[in-house]
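These notes are about the structure you will find just below.
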Amino acid sequence: MGKDGNGAPKVLLVEDEALVAMVADENLRIMGFDPIVASTAGEALDAFAQGGPLSLAIIDVGLPDMRGDVLARRLRDTAPSLPILLASGYDSAELRSAFANDSFVRVLAKPYSERQLRDVLTELRLTIDG
């Protein structure tokens, strides 16, 4: 797993809604992760290029400059085994279908709770605090 200098796994959190990003950031920190927060796909791509190895990317589908699923595919081109969690406030059946053959992608409906996030991370074998 990609870790920071303190040993915490690094997570790229891409969310344009400030309140959602703040809550997700706090929940990830409580779970022992080190989030790198980006509010646009452009910021996310810059952080990805400069940030070193990541353990996970959590991407909102409705970003202002690029659809989150397109961003996920771009990250996937460079990091084929990076676990990616796509968060969507819309019907997620199409997303699930589009990524059905990628075992490293999960879709989570928004709004999601800390428990739902933890469950998906457990499914991806990414929990670190039990």
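The values are calculated or read from the model by the stated rules, or taken from the named source; none is laboratory data. Bear in mind the structure is a predicted one, so any value in this text is a computation, not a measurement. Ideal geometry is used to build each Cβ from the backbone, glycine not excepted, and the neighbour counts take in all protein chains shown.
Things worth noting here:
- Qualifying residue in the range 102-114 (condition: at pLDDT 90 or above, surrounded by 14 or more Cβ atoms within 10 Å (Cβ to Cβ) and touching an Asp or Glu at 6+ places or on another chain (Cβ under 6 Å)): no
- The residue that is farthest from SER39 (Cα to Cα), among those in the range 54-102 that are among the hydroxyl-bearing types (Ser, Thr, Tyr) and out of contact with any helix residue (DSSP H, G or I) (no Cβ under 8 Å at 6 or more places or on another chain), is SER97.
- Residues that are within 19 Å of GLU123 (Cα to Cα) and hydrophobic (A, V, I, L, M, F, W, C) within the range 61-94 comprise ALA72, LEU82, ILE84, LEU85, LEU86, ALA87, ALA93, listed in sequence order.
Let's see how each residue does on (1) under 20 Å from ALA24 (Cβ atoms); (2) without any contact (Cβ under 8 Å) to a residue 24 or more places away in the chain:
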{"site": "ASP46", "(1), (2)": "yes, yes"}
{"site": "GLN50", "(1), (2)": "no, yes"}
{"site": "ILE59", "(1), (2)": "yes, no"}
{"site": "PRO111", "(1), (2)": "yes, no"}
{"site": "LEU126", "(1), (2)": "yes, no"}
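- Of residues in the range 75-101 being under 25 Å from ILE30 (Cα atoms) and surrounded by 16 or more Cβ atoms within 10 Å (Cβ to Cβ), the one farthest from the chain's Cα centre (by Cα): SER88
- Failed item, numbered, when VAL20 is tested on (1) touching a helix residue (DSSP H, G or I) at 6+ places or on another chain (Cβ under 8 Å); (2) of a type outside the set (Lys, Arg); (3) under 18 Å from GLU114 (Cβ atoms): (1)
- VAL11 meets the stated requirement of being in a strand (DSSP E or B) and under 24 Å from THR122 (Cβ atoms).
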